[in-house]
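Notes to accompany the following structure.
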Amino acid sequence: MRVTANTFPNALLDQLSSLSQRQNKLQNQAATGQLVTLPEDDPVAMRRVLDMQAENSAVGQYARNIERHQELAAATYDSIKSLKSISDKAGEIAIAAGDLSAPSLPIYAKQVTELIKQAVQIANTKNRGDYLFSGTNSNLPPYVLTTDVNGVVTGVTYQGNTTEAESEIASGITISAQVPGENNSGTGARGLLADDRVGADFLNHLIDLQNHLLSGDVTSIENNDRAALQRDEDNLLYHVGQNGAIQSRLESSLSLSNQRMDSLEKMVSKEADADLTQTIVRLNQTQTAYQAALKSAGRILGSSLLDYMQ
Amino acid sequence: MLGLFGTLSMANRSLQTQRNGTEVAGHNLANVNTPGYSRQRVAIETSITIPSDIGPQGTGADAVAIVQLRDKLLDKHIVSETSVRSAYEGRQRALEFAQAALGQAIDRQANGAEGSAAASGVGGQHGIAEDLSALFASFQSLSTNPTSSAERQVLVIKAQNLATQFNQVASRFDDLRGTLNESVSSDVDQANIALSDIAKLNDQIITAELGTDAKANDLRDVRQKRIEDLAKLVHIDTVENSNGGVDISIDGSQLVSGRNVLDTLEAYDAGGGQYLVRTLAGGTTLTLTGGTIQGTIDARDNDLVQIRSDIDNLATRLITSVNAVHANGYGLGGTTGEAFFTGTNASDIGFNQNLADDPSRIQASGVSGSVGDNTVVLQLAQLADAKQAGLGNQTFLENYGQTVSKLGQYLNGLNTQLGNQDIVEQMLLRQRDSVSGVSLDEEMTDLVKFQRAFEASARLITTVDEMLQTVVNLKR
């Protein structure tokens with residue numbers, strides 16, 4: 001092939017242009033650590049990365065949902081624990097009632113009244129502005145207490161409902177750490193303080209105990225109230241166990257979510273990240289080729305027949 | 001026999017011939033870097049022989065022509081390949097604009113493992129994909145705390161961000177269509193100038209070559225350059241006539257015939273801002289098969305329309321799906337039946353201003369009066385994983401990923417094709433350079449050769465002069 005004056009410069013321009021493009025691409029890869037940045041770099045990898053990042057974002061949100069459930073479950077547990085201690089005290093009074101003298105009974109009745117008020121106060125606990133035990137009527141306090149002029153509790157009304165707000169902890173898997181205060185519907189989650197499936201009705205049973213103490217009806221306390229309060233105690237214990245189970249499930253779900261995020265991160269890295277060692281080696285090779293092209297061209301372009309003519 | 005005067009005359013012609021050779025070499029040297037220039041050679045032939053007693057006797061040499069070294073077949077190939085390459089380039093440029101308009105990139109350093117900003121506010125990903133994910137994450141968050149005003153406010157911002165992102169992408173694509181139309185118009189103007197230039201050059205070439213065998217080499221070079229300029233814009237068919245003129249046709253419509261421009265091109269709006277090309281006088285719509293104009297039209301009417309329609313379809317499905325669920329819910333104050341998104345496509349999607357003004361109106365609850373109920377917002381959150389029949393049984397994010405990937409594939413394929421075309425064109429240009437390019441070494445050698453021959457011819461004159469002197473001195 002005949003080589004002309006422009007063959008070298010043109011070929012050099014082509015070579016330098018393609019070497020520059022390569023250097024630019026490799027430098028970008030080295031600086032960003034990414035093999036794929038734009039859709040045109042690798043459309044298939046881009047698609048996979050977008051899908052995985054979407055999943056990663058969803059799993060991250062599930063983890064945040066789980067943390068929110070955990071917070072709710074912890075708050076619920078604190079309330080159950082306090083209610084349990086009230087139940088214990090009430091149980092002690094019910095057991096001791098038979099041995100008490102008649103004049104001391106109203107004093108214990110007063111104590112039970114305070115226990116009822118304390119229990120209602122706990123049942124009306126709020127978390128982030130929502131009542132914990134109102135079901136989905138979370139803007140309403142679950143219990144409203146009515147007392148007579150002497151401060152004796154005459155009744156409690158449940159304002160909540162039996163519905164729990166479930167939210168996702170994984171795709172398609174919903175859970176609720178909420179517990180309704182009462183559920184006498186016969187279905188759904190068991191009520192914390194009252195559930196007719198197990199004969200639990202803590203506040204009303206406390207009211208009964210209060211009334212029986214006031215009236216000195218020790219027989220009813222021994223025959224009915226003790227057993228009723230025991231059912232309430234059992235119900236609270238059931239909820240302690242249930243809460244523990246939910247917390248444990250949330251913990252393991254959180255761990256699964258974190259594992260999934262780790263593995264997604266690895267997979268995204270595999271698709272999108274550049275092998276820095278390989279990139280730097282290639283960049284060096286390209287730079288060497290670029291310098292070699294410049295140097296050799298400099299020598300060739302600088303000399304012609306003119307150098308040897310006088 | 002030539003005799004002394006005949007020899008003197010021969011030496012004189014030889015001087016002229018060698019001088020011609022030097023001039024042509026000088027012309028080549030002067031044009032070593034002129035684009036489109038093809039080297040020239042002086043054609044030297046032995047002069048006529050005359051009979052003599054000792055047989056036919058030579059009378060020296062004459063420069064009979066200045067020949068241009070050009071391979072017409074190569075030229076035709078280059079014109080054709082130039083059109084192919086330019087079409088790719090036109091399409092590539094449009095798709096690169098589209099890639100920028102979509103604004104979807106991966107930035108792994110700015111985004112942490114959970115897709116949250118690890119270096120917030122510095123770079124990062126801000127495409128539709130991230131905004132879609134953020135919207136569904138906000139639905140999820142609200143589902144865990146349906147009465148929270150903070151979560152509702154976050155949802156408002158995320159929904160507004162997504163709507164704005166859709167609007168911006170749609171607007172960029174619309175602007176891009178306008179830019180591409182302007183590019184078609186501008187290219188058509190350039191093509192018309194090239195057509196006019198070619199006709200003028202035809203005129204000059206025909207006039208210069210009229211009644212002679214000599215070729216108007218330099219004018220032909222310039223014309224070839226203009227033909228290649230035109231081929232970059234639009235695929236053309238060329239026919240060279242016996243008088244030296246070149247006729248130009250596009251898609252069967254003859255536009256240049258010898259010295260005359262028969263018709264020119266016109267970019268016209270075929271409806272809906274779709275600029276196409278037709279002949280101005282004839283009104284014939286042209287189906288172009290190469291050149292930047294065709295590449296631009298191709299990208300605009302096929303690739304970009306497809307991407308734009310995918311984005312619109314995604315926005316439409318999102319609006320209808322989210323609104324259908326949201327309408328059944330109840331706000332904290334018991335309001336119901338409100339749309340979440342307004343609009344019908346990517347251009348006009350917006351977040352319902354009523355909800356933005358009062359986020360408590362976001363209808364998260366599925367039961368009137370139960371503010372803690374989250375069934376509706378949970379359904380909205382679960383739309384993220386729902387396969388949509390109108391999106392080819394893909395989720396919103398999968399569908400968007402496919403659109404991004406589709407654009408990437410168009411561009412990636414095109415980059416490869418352009419790379420291959422580069423190789424073809426470089427090979428052809430090298431071949432042409434090998435035939436027509438000026439070699440400094442050759443020209444310098446020629447200069448020396450002609451200079452020496454010139455010196456020798458001059459010496460012949462001196463010698464004959466001395467001989468004549470001798471003859472004249474015989475008389476004394």
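The values are calculated or read from the model by the stated rules, or taken from the named source; none is laboratory data. Since the structure is predicted, the reported quantities are computational estimates derived from the model, not experimental observations. Positions of Cβ are backbone-derived with ideal geometry, glycine not excepted, and every protein chain shown enters the neighbour counts. Note: accessible area is taken over every heavy atom of the protein model, side chains too, but ligands, DNA and RNA are not part of it. Shrake-Rupley method; radii C 1.70, N 1.55, O 1.52, S 1.80 Å.
Structure above, values below:
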item	result
B:P51 vs. criteria open to solvent by 20 Å² or more (accessible area, probe 1.4 Å), modelled with pLDDT under 90 and under 30 Å from A:N6 (Cβ atoms)	no
A:S253 being within 14 Å of another protein chain (Cβ to nearest Cβ), among the polar types (S, T, N, Q) and touching a strand residue (DSSP E or B) at 6+ places or on another chain (Cβ under 6 Å)	yes
Positions within region A:209-243 being farther than 23 Å from A:A75 by Cβ and in contact with a Ser or Thr (Cβ under 6 Å, 6 or more places away or on another chain), in sequence order	A:Q210, A:H212
Residue that is farthest from the other protein chains (Cβ to nearest Cβ), among those in region B:349-386 that are closer than 17 Å to A:S171 by Cβ and small (G, A, S)	B:A386
Considering residues of region B:321-338 that are touching a Gly at 6+ places or on another chain (Cβ under 8 Å) and of a type outside the set (D, E) only, the residue least open to solvent (accessible area, probe 1.4 Å)	B:G329
Region B:394-424, subset within 7 Å of another protein chain (Cβ to nearest Cβ) and touching a Pro at 6+ places or on another chain (Cβ under 8 Å), residue nearest to A:Q15 (Cα to Cα)	B:N412
Criterion violated by A:R197 - all others in (1) away from chain B (no Cβ under 11 Å); (2) under 23 Å from the mean Cα position of the chain (by Cα); (3) not hydroxyl-bearing (S, T, Y) satisfied	(2)
Residues satisfying the stated conditions in region B:17-36, i.e. assigned to a helix (DSSP H, G or I) and small (G, A, S)	B:G21, B:A25, B:G26, B:A30
Pair list, Cβ < 6 Å and 6+ apart or interchain, from region B:85-103 residues that are touching a residue at least 24 places away in the same chain (Cβ under 8 Å) to residues that are of a type in the set (S, T, N, Q) and open to solvent by 10 Å² or more (accessible area, probe 1.4 Å)	B:R85/B:Q421; B:S86/B:T292; B:A87/B:Q294; B:Y88/B:Q417; B:Y88/B:Q421; B:G90/B:T292
Condition met for B:S14 (over 30 Å from B:E228 (Cβ atoms), assigned to a loop (DSSP other than H, G, I, E, B), open to solvent by less than 50 Å² (accessible area, probe 1.4 Å) and among the small types (G, A, S))	no
Residue tally, condition more than 23 Å from the chain's Cα centre (by Cα), surrounded by 21 or more Cβ atoms within 10 Å (Cβ to Cβ) and among the hydrophobic types (A, V, I, L, M, F, W, C), over region A:39-85	4
One residue from A:R47, A:R22, A:R68 being in a helix (DSSP H, G or I) and touching a Pro at 6+ places or on another chain (Cβ under 9 Å)	A:R47
Unmet requirement for A:T32, which otherwise passes all of (1) crowded, with 22+ Cβ neighbours inside 10 Å; (2) at the interface with chain B (Cβ under 10 Å from one of its Cβ atoms); (3) more than 23 Å from the chain's Cα centre (by Cα)	(1)
Residues that are among the hydrophobic types (A, V, I, L, M, F, W, C), free of Cβ contacts under 8 Å to residues at least 12 places away in the same chain and in a helix (DSSP H, G or I), drawn from region A:25-44	A:A31, A:V44
Residues located in region B:24-63, provided they are free of Cβ contacts under 8 Å to residues at least 40 places away in the same chain and touching a strand residue (DSSP E or B) at 6+ places or on another chain (Cβ under 8 Å)	B:H27, B:R41, B:V42, B:A43, B:I44, B:E45, B:T46, B:S47, B:T49, B:P51, B:P56, B:G58
When residues of region A:201-228 are limited to those that are outside any loop (DSSP other than H, G, I, E, B) and touching a Pro at 6+ places or on another chain (Cβ under 9 Å), the one farthest from A:S176 (Cα to Cα)	A:L214
Unique match (being of a type in the set (D, E, K, R), over 23 Å from A:K81 (Cβ atoms) and in contact (Cβ under 8 Å) with a residue 60 or more places away in the chain) among A:E233, A:E222	A:E222
The listed residue being part of a helix (DSSP H, G or I), buried (at least 18 other Cβ atoms within 10 Å of the Cβ) and of a type in the set (V, I, T), out of B:I205, B:I193	B:I205
A:R231 assigned to a helix (DSSP H, G or I), among the basic types (K, R), more than 14 Å from chain B (Cβ to nearest Cβ) and surrounded by 13 or more Cβ atoms within 10 Å (Cβ to Cβ)	yes
Unique match (being in a helix (DSSP H, G or I), open to solvent by 60 Å² or more (accessible area, probe 1.4 Å) and more than 9 Å from chain A (Cβ to nearest Cβ)) among B:R432, B:R452	B:R452
Test result for B:M427, facing another protein chain (nearest Cβ under 8 Å), part of a helix (DSSP H, G or I) and more than 22 Å from B:L135 (Cβ to Cβ)	no
Subset of region A:188-205 that is touching a Ser or Thr at 6+ places or on another chain (Cβ under 9 Å) and touching a residue at least 60 places away in the same chain (Cβ under 8 Å) - its residue that is farthest from A:V112 (Cα to Cα)	A:L192
Residue count for region A:270-288, restricted to those that are open to solvent by less than 40 Å² (accessible area, probe 1.4 Å) and in a helix (DSSP H, G or I)	4
Hits in region B:302-358 - residues which are under 22 Å from B:P146 (Cβ atoms), in contact with a helix residue (DSSP H, G or I) (Cβ under 9 Å, 6 or more places away or on another chain) and assigned to a strand (DSSP E or B)	B:Y330, B:F341, B:F351
Qualifying residue in region B:224-232 (condition: open to solvent by 60 Å² or more (accessible area, probe 1.4 Å) and farther than 24 Å from B:L73 by Cβ)	no
A:A90 vs. criteria small (G, A, S) and within 14 Å of chain B (Cβ to nearest Cβ)	no
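Table: residues versus (1) acidic (D, E); (2) away from chain B (no Cβ under 11 Å); (3) under 18 Å from A:Y238 (Cα atoms).
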site	(1), (2), (3)
A:D51	yes, no, no
A:A58	no, no, no
A:A63	no, no, no
A:R68	no, no, no
A:I80	no, yes, yes
A:K84	no, yes, yes
A:G98	no, yes, no
